[in-house]
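Heads up, the thing below is written out as structure tokens.
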Amino acid sequence: MHRRGVGLAAFDRKQTTKRFEELSNSISQSQVTHLNNQLAQFRTALTHFASTHRDKIKSDPSFRHAFQQMCTSIGVDPLAGPRKGGWWAELLGLGDWQYELGVQIVDVCVSTRERNGGLIEMAELIRMVSKLRGVSGGSITEDDIVQSIKTLEPLGAGYQVVDISGRKMVRSVVKELDDDQTTILGLAQEHGGRVVEDMLIQRRQWSRERARTALENMLLRDGLCWLDDQDEECGRAYWVTSAMKWEA
Amino acid sequence: MALSTHTTSTGWDSVLKACNKVNEHILGFLLPSIHSAPPFFTQQPNPATEAIVIEQWTKLILSYARHRNLFYLRVEDAETGGDWDEVLRNDRINRRLPPAHLSSILAGMVAKNVASYEPAKQTRSVLLYWRLPEEWAEVLHQWASTTGQMNTIMTFYEITDPPVNSPLTNIPLPLLRKAITILAKSNRAQIIAIADGEGVRFFTPAK
């Protein structure tokens, strides 16, 4: 029996068809009918549950999280299905919600990329996405962002959540941060954004050559920091924008 | 001021904006937080970054000029004390905008048509368009109309120094001329030669 539009990912459709055929060969017709009725009932119950709680799923992050956990544990993929958003997506509007959030994340990352070199602090991203969504958007959590970025992965745009010195950041450029840059970013976070060559020499035992090259690359080549040439101590200081905060 | 626990982040945003506007009138101009960032004053070697710096300085300069009714900005204002000190320096963080950087910012503003080199053929002084010439034209025509001065010949002086303060009080002559030229193109003003200088007549175009 083939039914169009059911997206239960736990059942591979071809296999399902085959299994049903075998099943119907070995058991009676009435038993098959009974089984189908049960499935239909289950589907109805799930449909009812989803639409009853749709608003809560959309607006309450912890409920949403619990719902997604439940889907995962019973082998249901809320986004799967023959249609683009999936049957679930249509029912819940969840696929759209996820998709919409993904677009907003990309929007914020692209519009701040020049300012921060494609690396944005999670808290800042949440703040700006929330601003985009306004009051009606409901509250967005870090978990929502992480899930949404997972769905962006197939796009191959290089969106990734990275951890730098215990702080979560979202990277939106394909370029990998090399180890030296990661060290510099970590130092910057400890010092309100400001890094100078001497810090790297004294605290990380780098040579001046290595410190200068790494900092200049971040500045000129990658646009990951800003220059301050009026620094009282060292004359030349590098400010990492993703560790700085200012009004857009 | 007590924080309401029921105000959403967006609700609080608009409350803050309103408070800022009030503060500006009572306490003075509110500088954007980027003005407290030391690197903001340095000309950035990375062109993409410098484009952002110039954009932010442009916004700040125009906004301050509008607030203080200032029309001119000169490269030398970065060195000498005066009307622009509040913006071109930040003594709390010990930073100043160097003349070379200001010069580059002015060039950017002229390229974007939010300022013009005035007088012409030099690059050390600009006339700021915190209101565009087209907008000035409308304000001018509106003022002539509401003060019942249509169809009468007026001197430029009567416009820039009226007995009752108007939005046009102290408008620099080059800018006034630009606005009048724009009105002339739509048949709403005409420059008249008068005994001791320049005069203008405003009218509503014939149908």
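On the phi > 0 side of the Ramachandran plot and at pLDDT 95 or above: is that true of B:Asn170 in this structure?
Spelling it out, it is not the case that B:Asn170 is on the phi > 0 side of the Ramachandran plot and at pLDDT 95 or above.
Taking only region B:37-48 into account, find how many residues are surrounded by fewer than 21 Cβ atoms within 10 Å (Cβ to Cβ) and more than 7 Å from chain A (Cβ to nearest Cβ).
So the answer is 2.
Determine if region A:9-29 includes at least one residue that is in contact with a Leu (Cβ under 8 Å, 6 or more places away or on another chain), assigned to a helix (DSSP H, G or I) and either at pLDDT 75 or above or open to solvent by less than 50 Å² (accessible area, probe 1.4 Å) (or both).
No, region A:9-29 contains no residue that is in contact with a Leu (Cβ under 8 Å, 6 or more places away or on another chain), assigned to a helix (DSSP H, G or I) and either at pLDDT 75 or above or open to solvent by less than 50 Å² (accessible area, probe 1.4 Å) (or both).
Return the residues of region B:126-159 that are assigned to a strand (DSSP E or B) and at pLDDT below 95; say none if nothing qualifies.
Of everything in region B:126-159, those that are assigned to a strand (DSSP E or B) and at pLDDT below 95 turn out to be B:Ile153, B:Met154, B:Thr155.
Give the residue, chosen from A:Glu247, A:Glu209, A:Glu232, that is at pLDDT 90 or above, open to solvent by 80 Å² or more (accessible area, probe 1.4 Å), at the interface with chain B (Cβ under 9 Å from one of its Cβ atoms) and over 14 Å from B:Pro47 (Cα atoms).
Numbers: A:Glu247 fails: at pLDDT 90 or above; A:Glu209 fails: at the interface with chain B (Cβ under 9 Å from one of its Cβ atoms).
Result of the check over A:Glu247, A:Glu209, A:Glu232: A:Glu232.
Can you list residue pairs whose Cβ atoms sit under 9 Å apart, with the first residue in region B:144-158 being of a type outside the set (A, V, I, L, M) and the second being part of a helix (DSSP H, G or I)? Count only pairs 6 or more apart in sequence or on different chains.
Matching pairs, first to second residue: B:Gln149/B:Trp143; B:Gln149/B:Glu158; B:Thr152/B:Ala144; B:Phe156/B:Leu173; B:Phe156/B:Leu176; B:Phe156/B:Arg177; B:Phe156/B:Ile180.
Take the conditions among the aliphatic types (A, V, I, L, M), surrounded by fewer than 21 Cβ atoms within 10 Å (Cβ to Cβ) and either more than 11 Å from chain B (Cβ to nearest Cβ) or without any contact (Cβ under 8 Å) to a residue 60 or more places away in the chain (or both) and apply them to A:Val196. Does it pass?
Working: among the aliphatic types (A, V, I, L, M): yes; surrounded by fewer than 21 Cβ atoms within 10 Å (Cβ to Cβ): yes; either more than 11 Å from chain B (Cβ to nearest Cβ) or without any contact (Cβ under 8 Å) to a residue 60 or more places away in the chain (or both): yes.
Yes.
Which of the residues that make up region B:49-105 are away from every other protein chain (no Cβ under 12 Å), in a loop (DSSP other than H, G, I, E, B) and open to solvent by 30 Å² or more (accessible area, probe 1.4 Å)?
B:Asn69, B:Glu79, B:Thr80, B:Gly81, B:Gly82, B:Asp83, B:Asp91, B:Arg92
Does region A:109-141 hold any residues that are in contact with a strand residue (DSSP E or B) (Cβ under 7 Å, 6 or more places away or on another chain) and either in a helix (DSSP H, G or I) or open to solvent by 30 Å² or more (accessible area, probe 1.4 Å) (or both), and which are they?
A:Cys109, A:Thr112, A:Met122, A:Leu125
Need the failing condition index for A:Trp226 against (1) at pLDDT 90 or above; (2) more than 9 Å from every other protein chain (Cβ to nearest Cβ), just the number.
(2)
The values are calculated or read from the model by the stated rules, or taken from the named source; none is laboratory data. Source: prediction; values computed, not measured. FYI the Cβ positions are ideal-geometry reconstructions off the backbone, even for glycines, and counts take in every protein chain you see. The accessibility values were calculated without ligands, DNA or RNA, using every heavy atom of the protein model including side chains. Shrake-Rupley method; radii C 1.70, N 1.55, O 1.52, S 1.80 Å.
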